[in-house]
Amino acid sequence: MFTNFSLDEVKVIDNDFASRRELVKKYIHTFDIDRLMHTFKINAGIASDAEPLGGWEEPQCGLRGHFVGHYLSACSKFAFADSDERLKAKANEIVDVMALCAQPNGYLSAFEEEKLDILEFEENRNVWAPYYTLHKILQGLIDCNLYLHNEKSLDLALNLANYIHSRFEKLSFWKIDGILRCTKVNPVNEFGGIGDSLYTLYEITGNSKLLELANMFDRNYFIDNLEAGKDVLENLHANTHLPMVIAAMHRFAISGEAKYKKAAVQFYSFVLGRTFANGNSSSKATHYIEGGVSEKSEHWGKYGMLGDALTGGESESCCAHNTERILEWFVEWSGAVEHLNHLESLKFNAILNSASAKSGLSQYHQPMGSGAIKKFSSLFDSFWCCTASGIEAMSEIQKNIWFKNDDTILLNAFISSVVDWRERSVRIKQVTGFPDNLTSILKIEAAEPVEFKLMLKADAVKAVTVNSKPITLDKDNRFIVIQRVFYDQDSISIEIDASLHLVSLQGTDGIAAVMYGPVLLAQIRCNRAMAGLSNHNLNKKIIKTQSERLAFSVIDDTDDEETFIPLFRVEEEEYTVYLDVTGNAAVDRRFSFAKDGSMAYKEE
């Protein structure tokens, strides 16, 4: 029903989204391509004296090369959106080096081809997620072609896809099933979103062999059960299966096979029962391996039972980015306000929150328990999966603020931004201080008078004036529709409807988070229980301060200084999101960091 604007049609101009975007862009600008491509060259037998990167990109890590793919995607998107010739040159340089590293059979990676032999022989042991890494490389090459029209990158992507097809066509049904069945906890055979990438390649080329290969990554153990209405999410690795849902939605868009749409719709209903107040999911598995990643993070537990999920490893940032893509498909299909609201909440509380306000670099996990501390990746020594997806997220942070169809433009989030609606020759500038204040002004720029519909979500709006004249709001409808002929310099003033409310932690009595409209708040400087807090007295116990930036103080009879601020603005402070609002909640929420890296992926 609605589609996103192109990345070069929307520009964020606020102090939160835009500043973090610029930090990542600067990081990408200053990145040493020789260091980035070191392991690709070494793997191809090309001499390199560059200093190797650390963390998940170090020369012995099984995932080496995954960050390069995300970097190429981010570089391409920044260059396209900002007409940045320096970043375009960097992207093209990466592709040129990849062309030198590609093997005659099409294989292209920073790890040895023999790792795929091991995977095929042992199915899911002793090799860490090679198809996950190949997906990142493949998608980076695709994005460089889509955004920068680099034909060499498309050739490399097609050659790599054909190489993968040549491997799979030699394997039996059960061997493929073993390689791609990711039902164990801590799955080292995670294959990422390669199916989705292959569907994109098919759309570009029309090559039926690519469609056949993409179909192989749509696994029946997951899709068929979802279609049948069976909740099979418990104990599955979240960020392995979120991309499978994206691929299923992409497949439906191409083929019209209702099975894949139904599976996605059913999946969404199941994942909502495992979703936190920030709009994201993932934590410990119900049945985990001690010392492994599944003990604290990256998995789904029982539906509606998040009482033991505040582990310090909840809400993996990669999951937020993939959930955003799933919601984009739903908005395109239906435009339902529930999906739009979920997108908006996710954008503030898990996408923006994933990035540091000081460096732009990412959190791996986004803890929301008691006395939590954020941990961000380093410049050159972490390169977690979420470091990689995080820089790409900042390169497309302008998504999902505005949507369009033929004659309608929809405002989904109060974020200062400029949108160019080229089909209508209209530019709209939104200036807002939200969430620090509750006003948004839209200014129309149009060379000629133009008629269109402006849609707003009714639950987010208290009042609207057009050129200082109030309009009547029908709050019974889910949307406010303003249809008229707009003129240059027309002004629409929106009074935003936002108030404090509690969101309970699913499956608990007395554990809840505080939200202000779509924005999740964090309690800083004090982590004691907030006994007696409820939606009935919330606005009497927590009072908005007079500061320019959004903050709330607690009114009680103690001398403790307690402040609530947006979670996305917490940087180094100790904080708590989920509060004990009864004083006797039987949930252990003491904070400790979750493990990261290959040591957390122990064999069962």
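Values in this text are rule-based calculations from the coordinates and carry no lab data. It should be emphasised that the depicted structure is a prediction, and the values quoted were computed from it without experimental measurement. Cβ placement follows ideal geometry from the backbone for every residue including glycine, while neighbour counts extend to all protein chains displayed.
Among the listed pairs 230/284; 469/540; 90/136; 296/347; 77/595; 115/261, those with a Cα-Cα distance over 29 Å are 469/540; 77/595; 115/261. Here's the picture: charge each Lys and Arg Cβ at +1 and each Asp and Glu Cβ at -1 in segment 31-217, and of 118, 132, 182 the one pushed furthest to the positive end of that dipole is 182. Working note: Cα atoms of segment 234-278, range along each principal axis, descending, whole Å: 33, 19, 18. Tell me, what is the FRET efficiency for residue 175 and residue 547 to the nearest 0.05, using R0 = 41 angstrom and their Cβ-Cβ distance as r? After rounding, the FRET efficiency stands at 0.10. Just to confirm my numbers, what's the Cα centroid distance between segment 160-218 and segment 459-485 in Å? Segment 160-218 and segment 459-485 have Cα centres spaced 48 Å from each other. I need the GluC sites (Glu not before Pro) found in segment 450-553, filtered to DSSP loop residues with at most 11 other beta carbons within 10 Å of theirs. Answer by residue number: 548. Rounded to the nearest 10 degrees, the inclination of helix 151-168 to the longest alpha-carbon principal axis of the chain is 70 degrees.
Listed values for segment 288-295 are Karplus-derived 3J(HN,Hα) couplings in whole Hz (6.51 cos²θ - 1.76 cosθ + 1.60, θ = phi - 60°), namely 10, 9, 4, x, x, 4, 5, 6, and x replaces Gly and Pro.
The phi-based Karplus calculation (6.51 cos²θ - 1.76 cosθ + 1.60; θ = phi - 60°) puts the 3J(HN,Hα) values of segment 212-218 at 4, 5, 4, 4, 4, 8, 8 Hz, whole numbers, x for Gly and Pro.
Straight-line cross-link reach from residue 262 at under 19 Å between alpha-carbon atoms covers these aspartates and glutamates, not counting any fewer than eight positions away in the same chain: 196, 218, 224, 227, 231, 324, 328, 332, 338. In this structure, residue 485 and residue 436 have a Cβ-Cβ separation that, at R0 = 45 Å, corresponds to a calculated FRET efficiency of about 0.85. Between residue 316 and 298, 366, the built amide H atoms are under 5 Å apart, and every one of these is 5 or more places off in sequence or on another chain.
When Rg and the Kirkwood Rh are both derived from Cα coordinates, the Rg/Rh ratio for segment 422-468 amounts to 0.99. Sorted ascending by nearby beta carbons within 10 Å, beginning with the fewest, 397, 176 become 176, 397. The reciprocal of the average 1/r between distinct C-alpha atoms defines the Kirkwood hydrodynamic radius, which for the chain equals 24.9 Å. Nearest 5 percent is fine: what portion of the DSSP beta bridges confined to the chain is antiparallel? Here the share of antiparallel DSSP bridges comes out near 95 percent.
Pairs of alpha carbons in segment 31-217 separated by more than 29 Å make up 19% of all such pairs.
Shape summary: segment 406-501 maps onto an equivalent ellipsoid whose semi-axes, from the alpha-carbon gyration tensor, are 22, 15, 12 Å in decreasing order. When you filter the GluC sites (Glu not before Pro) in segment 80-120 for DSSP loop state and at most 16 other Cβ atoms inside 10 Å of their Cβ, you are left with 112, 113. Annotation: the residues 245, 450, sorted from fewest to most other C-beta atoms within 10 Å of their own C-beta, follow the order 450, 245. Stokes-Einstein diffusion for segment 8-55, with the hydrodynamic radius set to the Kirkwood value over Cα pairs and evaluated at 10 °C in a medium of 1.306 mPa s, equals 121 µm²/s.
Shown here for segment 148-202: GluC sites (Glu not before Pro) in loop regions (DSSP other than H, G, I, E, B) with at most 15 other Cβ atoms within 10 Å, namely 169. By other beta-carbon atoms within 10 Å, ranking 386, 144 with the fewest at the front produces 386, 144. Computed over segment 167-216, the convex hull of the alpha-carbon atoms projects to a mean area of 3.8 nm².
Relative to the longest principal axis of the Cα atoms of the chain, the long axis of helix 385-395 makes an angle of roughly 60 degrees. Taking the C-alpha atoms only, the angle from helix 317-333 to the longest principal axis of the chain is near 70 degrees. Please compute the net charge surrounding residue 230, taking Lys and Arg as +1 and Asp and Glu as -1 over other residues with Cβ under 13 Å from its Cβ. Result for the local shell: -3. In this structure, the amide hydrogen of residue 452, modeled 1.01 Å from its nitrogen in the peptide plane, lies closer than 5 angstrom to those of 484, 486, counting only residues at least 5 positions away or on a different chain.
In terms of the mean number of neighbouring beta-carbon atoms within 10 Å, the peptides 129-135, 284-290 order highest first as 129-135, 284-290. Within segment 500-580, the percentage of alpha carbon pairs spaced more than 16 angstrom apart rounds to 48%. Shape analysis of segment 289-435 yields a ratio of the Cα radius of gyration to the Kirkwood radius, Rg/Rh, of 1.02. Taking the Cα centre of the chain as reference, the dipole from Cβ charges on Lys and Arg (+1) and Asp and Glu (-1) amounts to some 680 debye.
Would you kindly give the portion of the calculated P(r) for segment 85-195 that falls above 21 Å, as a percent of all Cα pairs? Cα-Cα pairs in segment 85-195 separated by more than 21 Å: 38 percent. Shown in residue order for segment 35-45 are the 3J(HN,Hα) couplings computed by the Karplus curve 6.51 cos²θ - 1.76 cosθ + 1.60 at θ = phi - 60°: 5, 4, 9, 4, 6, 4, 5, 4, 5, 8, x Hz (x for Gly and Pro). Other residues with beta-carbon under 11 Å from the beta-carbon of residue 281 carry, at +1 per Lys or Arg and -1 per Asp or Glu, a net charge of -2.
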